[in-house]
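First comes the structure, then the notes that go with it.
The values are calculated or read from the model by the stated rules, or taken from the named source; none is laboratory data. Please read all numbers here as calculations on a predicted model, not as lab measurements. Don't worry about glycine lacking a Cβ; one is built from the backbone with ideal geometry, like all the others, and counts go over all protein chains shown. Just so you know, the surface numbers come from the protein's heavy atoms only, side chains and all, with ligands and any DNA or RNA stripped out. Shrake-Rupley method; radii C 1.70, N 1.55, O 1.52, S 1.80 Å.
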Amino acid sequence: MKLVLASQNGKKLQEMAQILSQLGVEVCLQRDVGVNVEVEETGTTFEENARLKAQAVMEASGLPAIADDSGLCVDALGGAPGVYSARYGGPGLDDAGRCRLLLENLKGQPRAAKFVSVITCCLPDGTVLTARGECPGTIAFAPMGEGGFGYDPVFFLPKLKKTFAQLSPEEKNAISHRGQALRAFQLELKHHLGR
């Protein structure tokens, strides 16, 4: 089975492909099938945004489409940046800038946080499969590590004494929010395919 990822993010594709390839599922970027859809994420939940993206790419490509909507939820910020994680601080900031802004906004605050990922797959027959994963942690006091992307350098795992950016891809996939959501999605897809 081939799934079109509703994203232009090559790193997200690598994470998904690594996990879903075990099921014999091939994942490609939308540009690989001649589709270039930018979906406005107007949902207020990860579930709504993941479905908006998967639905739009499935309709544009005619192929099964998979989307992930994920973000960092920080307790002291009332769950922010949440669904706005990629847009936190406005369009002028890159990943490093968003991390700096987050650290600035958390000065003197408790550091509890979690990463959330929702995976949605829309199939041309109208079937919608959805799975959710969460990974609890804290926010580090400074970025650490060179791997990953987004908030990975500041998302600290107390049990491992490392940030996501300090983990190997295999270590990260074993415990991350996206890894959990993808494993739950694998079970949904297996059930749907009757395997």
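With all distinct Cα pairs included, what does the Kirkwood hydrodynamic radius of the stretch 137-195 come out to in Å, to one decimal, could you say? For the stretch 137-195, the Kirkwood estimate is 12.4 Å. PRO169 sits among other residues whose Cβ lies under 13 Å from its own Cβ, and their net charge, with Lys and Arg +1 and Asp and Glu -1, is -1.
Carbon and sulfur: what percent of the stretch 68-194's accessible surface (1.4 Å probe)?
Working: 3390 of 5900 Å².
Accessible surface attributable to carbon and sulfur in the stretch 68-194 totals 57 percent.
Each residue of the stretch 170-178 is assigned a 3J(HN,Hα), and the resulting list reads 5, 5, 5, 4, 5, 10, 5, 4, 5 Hz, derived from the Karplus form 6.51 cos²θ - 1.76 cosθ + 1.60 (θ = phi - 60°), x at Gly and Pro. Among LYS53, LYS114, LYS159, the largest mean-square fluctuation in a Gaussian network model of the chain, built with springs joining Cα atoms closer than 10 Å, belongs to LYS159.
With 10 Å bins beginning at zero, the pair-distance distribution over Cα atoms of the stretch 55-172 amounts to 13, 39, 29, 16, 3, 0 %.
Spin-label model, SER168/THR127: points 7 Å from Cα along the beta carbon direction are separated by 3.5 nm.
Among the chymotrypsin sites (Phe, Trp or Tyr not before Pro) found in the stretch 68-142, those both in a DSSP coil and sparsely packed, with 16 or fewer other Cβ atoms within 10 Å of their Cβ, are PHE141. Between GLY82, GLY147, GLY71, the Gaussian network model of the chain with springs among Cα atoms under 10 angstrom shows the greatest mean-square fluctuation at GLY147. Pairs of C-alpha atoms in the stretch 1-125 farther apart than 24 Å represent 33 percent of all such pairs.
Positive-end ranking of ALA65, ALA17, THR44 along the dipole of the stretch 1-70, with charges on Cβ about the Cα centre, is headed by ALA17.
So if we plug the beta-carbon distance of ASN9 and GLU146 into 1/(1 + (r/R0)^6) with R0 = 22 Å, what FRET efficiency do we get, rounded to 0.05?
It comes to 0.80.
Counting only Cβ charges, +1 for Lys and Arg and -1 for Asp and Glu, the dipole size of the stretch 20-59 around its Cα centre is about 100 debye. Length gained on full extension, LEU193 to GLU134: 18.7 nm, using 0.36 nm per residue less the C-alpha separation. With respect to the chain, whose longest principal axis is taken over its alpha-carbon atoms, helix 95-105 is tilted by about 50°. Only helices enter the 222 nm calculation for the chain: every DSSP H run of n ≥ 4 contributes -39,500 (n - 2.57), and dividing by all residues gives -10000 deg cm²/dmol, rounded to 500. GNM on the chain, alpha-carbon springs under 10 angstrom: the most fluctuating residue among THR138, THR163, THR44 is THR44.
Net length available on complete extension from ASP75 to GLU40 is 10.0 nm, with 0.36 nm assigned per residue and the Cα-Cα distance removed.
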